[in-house]
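Reading through the structure tokens given below for one structure.
The values are calculated or read from the model by the stated rules, or taken from the named source; none is laboratory data. Not measured: the values here are computed from a predicted model. Positions of Cβ are backbone-derived with ideal geometry, glycine not excepted, and every protein chain shown enters the neighbour counts.
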Amino acid sequence: MRKITAVLLTVISISMMGKSQTTQENTSAMRQPLAADSSTQIMALVGEAAALINALGEEAFRDFRLTGSLWRQGETYIFVLDSTGHMLVHPDALLEGKNQLGLTDINGKPIVRGLLEAATATSDKGEGWYHYQWPVPGGLLPRWKSSYVRRVKAPSGKHYVVGCGSYNDRMERIFVVDIVKNAIGKIKKEGMGAFAAFHDTAGPFFAKDAYIFVIDQKGIDLVNPAFPNLEGRNIMDLKDSQGRYLVRDMFKAVEKSGSGWVEYLWPKPGESASTLKSSFVGKAKFGDSWVLVGCGVYLADAPKTISKIKKMTGPELMVLVRDAAKALEQRGEKAYPEFRKTGSKWLHDETYLYIWTMDGTRVFHATEPMTEGEDVRGLKDVRDRPLGRMILEAGASSSGEGWVHYMYPVPGDIFPTWKSAFVKRVTFPSGQQYIVGCGIYNMEMDEAFIEDVVNHAATVVEEKGVAAFDILRDKKGPFFFMDIYVFLDNLEGVELVNPAQPSIEGKNMIQERDLAGKLVMQEYLEAAIKQGHAWVSYSWYRPGENTPAQKHTYVRMVKHGNDHYVIGAGYYESKGRKHTDK
């Protein structure tokens, strides 16, 4: 221990040589608790750990394991990997001493492979950032983590990768620059072959709400995984919501300096409202020419563009669709002209009706009449959700109606956003059956809607039992949309289904507490068993976010044969809107 401390002091002293502070002052400063969101401090800590391995080799590992030391404080800890993927140092004893190349996060992202590649992808780099979801030490729920890693050689001649990370669901500029430089390097090596990696959500070029985009010199969008409907389109003259030619500004930045930062308004993936975004752009050699490569960070607490349109509620939309169904039952196609009247209750702002045959032909669309007559059975949204199939299944169900959720642009816009549509089967005077529907963009969830989702899921479980579990897990299905998902537990407290947090499936959660210390599962199991159904509230993480939020969840008992379960779903409280206790 004394030897390691002495070497550490020497490393720090050398690194600070020429500065006015004393070695003692610098050592004291370095031993202050590390700020969890400081990328600069993370890089400095990893640099010092790498220097120690370079000086002392494997003997340094013992010091890295000391709880409360410089190397292991709270959520911050040093980890060490060898070049084959064996975890040599980690707070989780179950991971140490084993090969972890197969370790993935909840989205299937390869953690150890990604960390090794970040540090070893190029011989001249030897360092980099990697982003994935992982629990804090002793924690249950995975959170976004950004880890910095460096390749280092020990006196023994062996090579290791040493790293440390911070739990932060917001991208920082240094992360964005790193991703863009890696993408440029990949394009130089592989050309168009690199584009597939940029679309891979489990790859290194997707992190939090950041993604790579590629535009050729004519302005053709070649890669845009967040908004794939833009790919192949010329966006050179695209303006943001404040009238800025954002793509032209990007080309000016790279033509002037080779790379640079550009600010503009752009929606986050899955949203239609634009947020202030700052993107780092650079140039990559592409055949005999070059392409613009970029990635952006959404600025913290930046204001969004606010829609002035008053949105309908879910119950109001259901009334509208049912009224449309009554009109169609009475007049059939003769109701179409009324449905096309701009400013009527049928067609205004973001509200419009569409009508399909039961075998999947679109016969009416108020805002896109040019699409009438199309076969829409195979229609999918930008996330590959089979919206055509889901609409037809809802219309053909025993109830003849239901909700479908998918990504679709607001009329006149280019950005797909979440749309919740209510569809209903209707019989025309001719005797032929159709499906009429209408939707709400970014609909505010409420208690009635959540109860409907849970009751629908309960019906599937009652009919299919264990065979229903994969239906509930399907991220392209009816029970997973926006930040809503259905979970299922047995009466002993084992989580059987949780598509948002699959890492906790199979675990007994009866003694687990929420972020405020409440025994949340114990509470809702007791309530559901005693009352049959209940609402409970607790502090939880939204999927993919690190910021706690108040969640309001509806649970109910469900039975299949001799098996009893508790099934539930919830919504997260938003600003200015509180839960209504029932």
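Kindly evaluate Lys551 against the criterion of being under 24 Å from Lys268 (Cβ atoms) and touching a Ser or Thr at 6+ places or on another chain (Cβ under 8 Å).
yes
Determine whether Asn107 is surrounded by fewer than 18 Cβ atoms within 10 Å (Cβ to Cβ), in the same structural domain as Arg62 (by TED's automatic domain parsing) and either more than 30 Å from Asp514 (Cα to Cα) or of a type in the set (A, V, I, L, M, F, W, C) (or both).
No; evaluated as a whole, the condition is false for this residue.
Among the residues that make up region 512-524, is at least one of them of a type in the set (Phe, Trp, Tyr), under 20 Å from Leu472 (Cα atoms), in contact (Cβ under 8 Å) with a residue 60 or more places away in the chain and in contact with a strand residue (DSSP E or B) (Cβ under 7 Å, 6 or more places away or on another chain)?
Keep residues of region 512-524 that are of a type in the set (Phe, Trp, Tyr), which gives 524.
Still in the list and also under 20 Å from Leu472 (Cα atoms): 524.
Applying the additional criterion that residues be in contact (Cβ under 8 Å) with a residue 60 or more places away in the chain yields none.
Within region 512-524 (the criterion being of a type in the set (Phe, Trp, Tyr), under 20 Å from Leu472 (Cα atoms), in contact (Cβ under 8 Å) with a residue 60 or more places away in the chain and in contact with a strand residue (DSSP E or B) (Cβ under 7 Å, 6 or more places away or on another chain)), the answer is no, since none of the residues qualifies.
Looking at region 217-228, which of its residues are part of a strand (DSSP E or B) and within 11 Å of Val247 (Cβ to Cβ)?
Result: Ile220, Asp221.
Which is crowded, with 20+ Cβ neighbours inside 10 Å, touching a residue at least 40 places away in the same chain (Cβ under 8 Å) and in the same structural domain as Pro411 (by TED's automatic domain parsing), of Thr367, Thr351?
Exactly one residue qualifies, and that residue is Thr351.
State whether one or more residues within region 146-168 are of a type in the set (D, E, K, R), in a loop (DSSP other than H, G, I, E, B) and in the same structural domain as Gly108 (by TED's automatic domain parsing).
Yes: region 146-168 contains one or more residues that are of a type in the set (D, E, K, R), in a loop (DSSP other than H, G, I, E, B) and in the same structural domain as Gly108 (by TED's automatic domain parsing).
Considering only residues that are under 28 Å from Arg173 (Cβ atoms) and at pLDDT 95 or above, which ones fall in region 45-71?
Leu45, Val46, Gly47, Glu48, Ala49, Ala50, Ala51, Trp71
Give the residues of region 78-100 that are touching a Lys or Arg at 6+ places or on another chain (Cβ under 9 Å) and either in contact (Cβ under 8 Å) with a residue 24 or more places away in the chain or farther than 18 Å from Arg113 by Cα (or both), sorted by residue number.
Hits for region 78-100 are Ile78, Asp82, Ser83, Gly85, Met87, Val89, Pro91.
When region 341-360 is examined, which residues are found to be charged (D, E, K, R) and under 22 Å from Asp375 (Cβ atoms)?
Residue satisfying the conditions is Asp359 alone.
Of all residues being at pLDDT 95 or above and surrounded by fewer than 16 Cβ atoms within 10 Å (Cβ to Cβ) in region 531-543, which is nearest to the chain's Cα centre (by Cα)? Just the residue, please.
This residue is Gly532.
Being hydrophobic (A, V, I, L, M, F, W, C) and in contact with an Asp or Glu (Cβ under 6 Å, 6 or more places away or on another chain) is the filter here; which residues of region 543-557 pass it?
none
Can you spot a residue in region 196-210 that is within 15 Å of Phe280 (Cβ to Cβ), in contact with a Ser or Thr (Cβ under 9 Å, 6 or more places away or on another chain), not in a loop (DSSP other than H, G, I, E, B) and not assigned by TED's automatic domain parsing to the domain that holds Ala49?
There is at least one residue in region 196-210 that is within 15 Å of Phe280 (Cβ to Cβ), in contact with a Ser or Thr (Cβ under 9 Å, 6 or more places away or on another chain), not in a loop (DSSP other than H, G, I, E, B) and not assigned by TED's automatic domain parsing to the domain that holds Ala49.
Testing Lys530 on (1) of a type outside the set (Val, Ile, Thr); (2) in a helix (DSSP H, G or I); (3) in contact (Cβ under 8 Å) with a residue 12 or more places away in the chain, one condition comes back false. Which one is that?
Condition (3) is where Lys530 drops out.
Using the structure shown, decide if Val494 is hydrophobic (A, V, I, L, M, F, W, C) and over 19 Å from the mean Cα position of the chain (by Cα). Break it down stepwise before answering.
Details: hydrophobic (A, V, I, L, M, F, W, C): yes; over 19 Å from the mean Cα position of the chain (by Cα): yes.
The answer is yes for Val494.
Between Ala284, Ala253, Ala226, which is closer than 25 Å to Asn182 by Cα and in contact with a Pro (Cβ under 6 Å, 6 or more places away or on another chain)?
The match here is Ala226.
Check off (1) touching a residue at least 24 places away in the same chain (Cβ under 8 Å); (2) under 30 Å from Ala197 (Cα atoms) for Leu45 and give me the number that stays unchecked.
Every listed condition holds for Leu45 apart from (2).
Within region 66-103, how many residues turn out to be part of a loop (DSSP other than H, G, I, E, B) and out of contact with any Phe, Trp or Tyr (no Cβ under 8 Å at 6 or more places or on another chain)? Let's see the steps before the verdict.
In the first step, residues of region 66-103 are kept if they are part of a loop (DSSP other than H, G, I, E, B); the result is 66-71, 74-75, 78, 83-85, 90-98, 100-103.
After this cut, where a residue has to be out of contact with any Phe, Trp or Tyr (no Cβ under 8 Å at 6 or more places or on another chain) as well, the list is 66-70, 74, 84-85, 92-98, 100-103.
Total satisfying the criteria: 19.
Read through the list (1) surrounded by 17 or more Cβ atoms within 10 Å (Cβ to Cβ); (2) over 23 Å from Glu526 (Cα atoms); (3) not polar (S, T, N, Q), then give the number of the only condition that Val497 fails.
(2)
If Pro142 satisfies every condition in (1) in contact with a Pro (Cβ under 7 Å, 6 or more places away or on another chain); (2) in the same structural domain as Arg233 (by TED's automatic domain parsing) but one, which is the exception?
Exception for Pro142: condition (2).
From the list Ile187, Ile212, which residue is at pLDDT 95 or above, surrounded by 15 or more Cβ atoms within 10 Å (Cβ to Cβ), among the hydrophobic types (A, V, I, L, M, F, W, C) and within 21 Å of Pro110 (Cβ to Cβ)?
Selected residue: Ile212, the only one of Ile187, Ile212 that is at pLDDT 95 or above, surrounded by 15 or more Cβ atoms within 10 Å (Cβ to Cβ), among the hydrophobic types (A, V, I, L, M, F, W, C) and within 21 Å of Pro110 (Cβ to Cβ).
Out of the residues in region 508-526 that are in a helix (DSSP H, G or I) and acidic (Asp, Glu), state the one that is surrounded by the fewest Cβ atoms within 10 Å (Cβ to Cβ). I'd like the intermediate steps shown before the answer.
Here is the first cut: in region 508-526, the residues in a helix (DSSP H, G or I) are 520-526.
From what is left, the residues that are acidic (Asp, Glu) are 523, 526.
On the way: Glu523: 16, Glu526: 14.
Ranking the candidates gives Glu526 first.
If I go through region 146-176 residue by residue, how many of them are more than 19 Å from Lys208 (Cα to Cα), of a type in the set (A, V, I, L, M, F, W, C) and within 28 Å of the chain's Cα centre (by Cα)?
2
Name every residue in region 515-533 that is touching a Phe, Trp or Tyr at 6+ places or on another chain (Cβ under 9 Å) and over 18 Å from Ile484 (Cβ atoms), in order of residue number.
Leu515, Ala516, Lys518, Glu523, Ala527
Might you let me know whether region 154-165 holds any residue that is surrounded by 24 or more Cβ atoms within 10 Å (Cβ to Cβ), among the hydrophobic types (A, V, I, L, M, F, W, C) and touching a Pro at 6+ places or on another chain (Cβ under 8 Å)?
no
Output the residues belonging to region 486-507 that are modelled with pLDDT under 95 and outside any loop (DSSP other than H, G, I, E, B).
Within region 486-507, Pro502, Ser503, Ile504 meet the criteria.
Assess whether Ser13 counts as being closer than 24 Å to Arg173 by Cβ, at pLDDT below 90 and assigned by TED's automatic domain parsing to the domain that holds His159.
Working: closer than 24 Å to Arg173 by Cβ: no; at pLDDT below 90: yes; assigned by TED's automatic domain parsing to the domain that holds His159: yes.
Against the criterion (closer than 24 Å to Arg173 by Cβ, at pLDDT below 90 and assigned by TED's automatic domain parsing to the domain that holds His159), Ser13 does not qualify.
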